[in-house]
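**Student:** Before anything else, here's the structure in question.
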Amino acid sequence: EGLQAQILREFSLWANSTDCDADRIDTFCGLQQLAFMSYLMNGDVFAVLSMKPRPRQPYDLRVRLIEADRVCSPNYRDRLSPGTVLGYKVQSVVQGVETDADGEVIAYWIAGQHPRSFTRLRPQDWKRVEAYGANSGMRNILHIMNRERAGQRRGVPILAPALETLKQMERYAEAETTAALLGAIFTVFVKKG
């Protein structure tokens, strides 16, 4: 019980502070909430784990959440065959997920800015983050998603199955509104002669 209480105190020292967030905005609880919301909306979310010392904080681990849209193939082009991408020899890069010849995920490609950012003042750049540290073998990045089938590399938004039905309902509502509007415009006058 004493060890458990000590572990809880040490974890709380890191998790209840915004120092656990690489952006220094959220506590660990806030990061979890944000990651879950992003997972529901986009189908997946990424968490880059890095070490960065900070004053008065004994633990150096920092978590940076990456929006799913920023993980994309360099120059927005998937590579399905071996080649060189931005100076790296790659086997395959699809939707920002790099795999080796056996299909094992070995790296993720992260865009410097959101692809649909209208405030881009510089050309888009990509950073390659290896899935595992070369020396430690520990994960550098967590890919939070729910796989629905073997070989799936990216997540699917929770509302994806309903999107087609919602689109059909939108078209139906527009057609009904147009019909009602046309019915109101055309008026027939009958004159008795």
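**Student:** If I take R0 = 25 Å and measure r between the Cβ atoms of M51 and R9 in this structure, what FRET efficiency does the formula 1/(1 + (r/R0)^6) give, to the nearest 0.05?
**Tutor:** 0.70
**Student:** At 1.4 Å probe size, put K192, K52, K167, K89 in order of accessible surface, largest to smallest.
**Tutor:** K192, K89, K52, K167
**Student:** Rolling a 1.4 angstrom probe over the protein chains, ignoring ligands and nucleic acids, what is the accessible area of R154 in square angstrom, nearest 10?
**Tutor:** 40
**Student:** Using the Cβ atoms and a cut-off under 10 Å, what net charge is assigned to the surroundings of V85, where Lys and Arg are +1 and Asp and Glu are -1?
**Tutor:** Counting the neighbours of V85, the net charge comes to +3.
**Student:** I would also like to ask the following. Run the helix sum for the chain: -39,500 (n - 2.57) per DSSP H stretch of 4+ residues, divided by residue count, reported at 222 nm to the nearest 500 deg cm²/dmol. Numbers along the way, then the final one.
**Tutor:** On the way: 3 runs with 55 residues, N = 193.
Computed mean residue ellipticity for the chain: -9500 deg cm²/dmol.
**Student:** Now, a different point. Multiply the residue gap between Q32 and A162 by 0.36 nm, knock off their C-alpha separation, and tell me the result in nm, one decimal place. Provide the component values of the computation, followed by the final result.
**Tutor:** Values: separation 130, 0.36 × 130 = 46.80 nm, distance 2.57 nm.
Between Q32 and A162, full extension yields 44.2 nm more.
**Student:** Can you tell me the accessible area per residue over the stretch 4-114, all protein chains present, probe 1.4 angstrom, in square angstrom? Please list the in-between numbers first.
**Tutor:** Values: 6350 Å² over 111 residues.
Each residue of the stretch 4-114 exposes 57 Å² on average to a 1.4 Å probe.
**Student:** Express the carbon and sulfur contribution to the solvent-accessible surface of the chain as a percent, rounded to the nearest whole number, probe 1.4 angstrom. Write down the numbers at each step before the final one.
**Tutor:** Values: 7900 of 13680 Å².
Of the solvent-accessible surface of the chain, carbon and sulfur hold 58 percent.
**Student:** Follow-up. Taking the Cα centroid of the stretch 132-160 and of the stretch 172-186, what is the distance between the two, rounded to the nearest whole Å?
**Tutor:** Between the Cα centre of the stretch 132-160 and that of the stretch 172-186, the gap is 47 Å.
**Student:** Share of Cα-Cα pairs in the stretch 1-81 beyond 16 Å, in percent?
**Tutor:** Numbers: 1962 of 3240 pairs.
Cα-Cα pairs in the stretch 1-81 separated by more than 16 Å: 61 percent.
**Student:** Further question: Percent of Cα-Cα pairs per 5 Å bin, from 0 to the last occupied bin, for the chain, please list those.
**Tutor:** 1, 6, 11, 13, 14, 13, 10, 8, 6, 4, 3, 3, 2, 2, 1, 1, 1, 0, 0, 0, 0
**Student:** What distance in nm lies between label points placed 7 Å from Cα along the C-beta direction at T84 and N140?
**Tutor:** 2.0
**Student:** While we're looking at this one, here's another question. Would you please give the FRET efficiency between R154 and I185, computed as 1/(1 + (r/R0)^6) with r the Cβ-Cβ distance and R0 = 41 Å, to the nearest 0.05?
**Tutor:** Values: r = 48 Å, r/R0 = 1.17.
Efficiency at R0 = 41 Å is approximately 0.30.
**Student:** If you stretched the chain out fully between Q124 and E176, how much longer would it get, using 0.36 nm times the residue separation minus the C-alpha to C-alpha distance?
**Tutor:** Extra length from Q124 to E176 when fully extended: 14.4 nm.
**Student:** Quick check: with the 1.4 Å probe, what order do R54, R9 take by accessible area, largest first? It would help to have the intermediate numbers written out before the result.
**Tutor:** On the way: R54 25, R9 150 Å².
Final ranking, largest accessible area leading: R9, R54.
**Student:** Can you give me the span-like helices of the chain, meaning DSSP H runs with 20 Å or more of Cα extent along the axis and Kyte-Doolittle mean at or above 0.5? Walk me through the numbers before you get to the answer.
**Tutor:** Details: long enough: 28-42 (21 Å, 0.81); 160-185 (38 Å, 0.11).
Span-like helices, by this rule, are 28-42.
**Student:** Next question. With every protein chain left in place, what is the accessible area of E67 in Å² (1.4 Å probe, nearest 10)?
**Tutor:** 80
**Student:** Which of rounded, prolate, oblate describes the stretch 89-170, given a ≥ b ≥ c as roots of the alpha-carbon gyration tensor eigenvalues and a/c under 1.5 marking rounded, otherwise prolate only if a/b is larger than b/c? Provide the component values of the computation, followed by the final result.
**Tutor:** Details: a/c = 2.44, a/b = 1.33, b/c = 1.83.
It comes out oblate by the Cα gyration axes.
**Student:** Need one number: convex hull volume per residue for the stretch 66-129, Cα atoms only, in Å³.
**Tutor:** Working: hull volume 5.0 nm³, N = 64.
Expressed per residue, the convex hull around the Cα atoms of the stretch 66-129 is 78 Å³.
The values are calculated or read from the model by the stated rules, or taken from the named source; none is laboratory data. Note that this is a predicted model, so its numbers are computed, not measured. For neighbour counting, all protein chains shown are included, and Cβ atoms are generated from backbone atoms with ideal geometry for every residue, glycine included. These accessible areas exclude ligands, DNA and RNA; they are computed on the full protein's heavy atoms, side chains included. Shrake-Rupley method; radii C 1.70, N 1.55, O 1.52, S 1.80 Å.
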